[in-house]
Amino acid sequence: MNYFPDEVIEHVFDFIASHKDRNAVSLVCKSWYKIERISRRRVFIGNCYAISPERVIERFPELKSLTLKGKPHFADFNLVPHDWGGFVQPWIEALVKHRVGLEELRLKRMVISDESLERLSKAFVNFKTLVLVSCEGFTTDGLAAIAANCRFLRELDLQENEVEDHRGHWISCFPESCTSLVSLNFACLKGDINLTALERLVARSPNLTSLRLNRAVPLDTLQRILMRAPQLVDLGTGSFLHDPASGASSKLKATLLKCNSIRTLSGFLEVSPRCLTAIYPVCQNLNSLNLSYAPGIHGHDLIKLIQHCRKLERLWILDSIGDKGLGVVASTCKELQELRVFPSDPYGAGNATVTEEGLVAISAGCPKLHSLLYFCQQMTNAALITVAKNCSNFTRFRLCILDPIKPDPVTMQPLDEGFGAIVQSCKRLRRLSLSGLLTDQVFLYIGMYAEQLEMLSIAFAGNSDKGMLYVLNGCKKLRKLEIRDSPFGNTALLTDVGKYETMRSLWMSSCEITLVGCEILAKKMPMLNVEIINDEDDIAPSSEDILRVGKMYLYRTLVGSRKDAPWFVDIL
Amino acid sequence: MRGKSKASAWGECGRILTAKDFPCVVNNNRSPPVNASVSGTKRSAVDSVPHDTGSPPPPSQVVGWPPVGTHRKSSFVNQAKAPRSEDDKVGSEIDKSKDASKKKICNGNKSSHVIFKEKGHIGFVKVNMDGIPIGRKVDLNAHACYQTLAHTLEDMFFGTPKSINPVGSGGGKDLATNPSKLLDGSSEFVLTYEDKEGDWMLVGDVPWRMFLSSVKRLRIMRTSEANGLAPRFQERTSERQRAKPV
């Protein structure tokens, strides 16, 4: 089969980076499987319970970089109890035991303890990169261990984690000899930080290109840091507040004029609108701007800022920008590829929101747009149809109408036709989230047209089992399906049980499936873990037979039931 | 600390409004919600919601909606108006899953089921038994002592199907004198409860009224797992604390 020596094939494989491609390559023949597995450096595990660490290490002994994902996505919205699982400890223990030369660890929605962080920092001499996204279970003491022990640390990136903050000393734990930092992101930490130690760390890190500060870093420290690190490409400001009389803002503006490498800007965790003018110097070169954590900036200040950002490709913003502001974005940011509009006042009266008008304007003005997350007050079918016509490039389309079952306010119709137009027009759509009043019809459209769809999020939608069945039958590439509060029951769940082995996972909460249905599924499909998460307050049933399941999470696995499930989780 | 910045899903407790509380059914001693701390326009939905298909409660009262990560909630303009409870330990973050009511909305022919939870009144509490995926509920108001409660739970989880109606089966004076196997240690299961501080205790050690005021949920636990459970002041080391508390 091989016309080349193994080394040549291995060299060719070096050019194949994506794990999907590598997986495909490994299936060609035994020889390629063998060569690929020995040469694979980066391993991606989308569900930490689908496989065991031992088996991963056995197959990929040369692995250097590991990515693990734990809890289901709905954990982000408090739908998964705190101690459900996703512990990284057994993975770290196995990596240590088998002397894997780990250099990079990326975790998402997992639980990692200080002990694990310390173990990590001491066991892997060449450890370079730690990225933790939406993780929990650790404190700044664990970060101190990483800082102190990882001699060649390049990247420490903490995004949206729940960290118990024992106050700033961890940053002092980077030894004076540590000069290798390229990326440092601690924006999610809530506590104070040792500012002097931080400044010194930046001063001795000539390769630092990405720095995201937390809210404890005041404006004057930021200005001094920027003096030392004009080479920064990615900046997350801390607190952007100052006393107008102090002149700190003009000093910052002057410093920023020298920072002509900045392309990504975020932070503004606390900001007063008058400070925003300080960043105008960097706006003209910005590719990516995240103002979504900045409360209380009025639409017109945002508009003035945006008008300077003609090269923006990614914009994350609050809905206080308003439809009018989105109109300005549409006319200014012609390179825009990704837009996220977050709610600033979701429980309020609906004054500071956006509507379908803003989205239509964006779709008309930004031809390169392919990724959208849009929280809005309302949406119409006509608007969605127009958006679909204007923008057929969407790969990710997530629409969240704040009232989850709101119909088209003009016609009072469900939004089936609107979303139908989106899936029909956007042939490369991979991710879709629905909201608003929706019947089974929208699922018929999705099943028919969304051929590339990999992830679908459904809430408060559909009329009957047919809805879910349209999706399961039609979307051949579906990997993740998450459903809440929709009337899909056992028939939908059980009609095509083999489908779930082609998917990573299925989440159903507050639907019509019952315990009996889940048990039948579990029995038919031993390769699935069917978990019942039992913290829901269901209606007291009148008979055992119709016990509705509050939350069910199922996923394919090669290693059977997990042994670390808490008492409120039952694996059928 | 349990659920410091991320809301614990166990936080919901209190009285579930029963059919008696809805305006459609006559009741003259309906009490207003204890924690009507959300801005007034929102809470009024509680009082007037019908129990068949009608307008649902506003989105603020649905758990996990809108789907925004907890870390974003500090940028909300009106977070101060979020519902809070007197023993809310989570702090200033909006704590929707603790206090919000949950609505099951079924579009179509089925009637909507509505459950509202408010802190302060003990009535129905959740009961789970190890090894059984679906929990049940028991009305503590229907009992005056531990024995009748324990017998009811025995019927519910160990008994024959026809005795599965908890309300009403808790009566019987002779039950009160007959010790329940869940309380006397003779069974492989033991009855435990979670109190307001999140600790798990053996049922039966404190006076009944004190128990009523501190119980949040019940669990029928395997006796082998109950070792180390002590009444009152000792903290239980459980697998729940395996992940370091945040």
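The values are calculated or read from the model by the stated rules, or taken from the named source; none is laboratory data. As the structure is a prediction and not an experimental result, all values here were calculated from the model. Cβ coordinates were reconstructed from backbone atoms using ideal geometry, including for glycine residues, and neighbour counts include every protein chain displayed. The accessibility values were calculated without ligands, DNA or RNA, using every heavy atom of the protein model including side chains. Shrake-Rupley method; radii C 1.70, N 1.55, O 1.52, S 1.80 Å.
Here the range A:92-107 and the range A:151-221 have alpha carbon centers that stand 24 Å from each other. Once you have a ≥ b ≥ c as the square roots of the Cα gyration tensor eigenvalues for the range A:253-383, tell me rounded if a/c is under 1.5, and otherwise prolate or oblate according to whether a/b is larger than b/c. It comes out oblate by the Cα gyration axes. In a fully extended conformation the segment linking residue A:495 and residue A:527 would gain 9.8 nm over its present Cα-Cα distance, using 0.36 nm per residue. Interface burial in the range A:551-567, defined as at least 30 Å² less accessible area with all protein chains than with the chain alone at a 1.4 Å probe, covers A:567.
Interface size, chains A and B: roughly 6300 Å² of accessible area buried, both sides included, 1.4 Å probe, rounded to the nearest 100.
Dipole of chain A computed with +1 at Lys/Arg Cβ and -1 at Asp/Glu Cβ about the Cα centre; of A:217, A:180, A:303, farthest Cα towards the positive end is A:180.
Residues whose amide H falls under 5 Å from that of residue B:217, counting only those 5 or more places apart or on a different chain, are B:194, with hydrogens built in the peptide plane. Each other residue within a Cβ distance under 11 Å of residue A:263 adds +1 if Lys or Arg and -1 if Asp or Glu, for a net charge of 0. Under the convention that each Lys and Arg Cβ holds +1 and each Asp and Glu Cβ holds -1, the size of the dipole of chain A around its Cα centre is about 2220 debye. Rounded to the nearest 500, the 222 nm mean residue ellipticity of chain A from helices alone is -9000 deg cm²/dmol, with -39,500 (n - 2.57) taken per DSSP H run of at least 4 residues. Database remark: amide H of residue A:135 closer than 5 angstrom to the amide H of A:109, A:110, A:161, A:162 (H placed geometrically; neighbours at sequence offset of 5 or more, or on other chains; Pro and chain starts carry no H).
Residues in the range A:33-38 carry Karplus couplings, in order, of 4, 5, 5, 5, 5, 6 Hz; the curve used is 6.51 cos²θ - 1.76 cosθ + 1.60 with θ = phi - 60°, and Gly or Pro positions show x. Overall size of the range A:230-324 from C-alpha positions, given as principal axis extents largest first: 34, 31, 19 Å. Computed from backbone phi, the HN-Hα couplings of the range B:209-214 come to 5, 5, 4, 4, 7, 10 Hz, rounded to whole numbers (Karplus: 6.51 cos²θ - 1.76 cosθ + 1.60, θ = phi - 60°; Gly and Pro given as x). For the range A:391-489, the share of alpha carbon pairs falling in successive 10 Å distance bins from zero is 17, 55, 26, 1 percent. The lysine pair count for the range A:375-524, using Cα distances under 16 Å and pairs eight or more places apart or on different chains, is 9. What the phi angles of the range A:145-150 give under the Karplus curve with 6.51, -1.76 and 1.60, with θ = phi - 60°, is a coupling list of 5, 4, 4, 6, 9, 8 Hz, glycine and proline written as x. For chain A, the alpha-carbon coordinates run over 70, 62, 58 Å along the three principal axes, in decreasing order.
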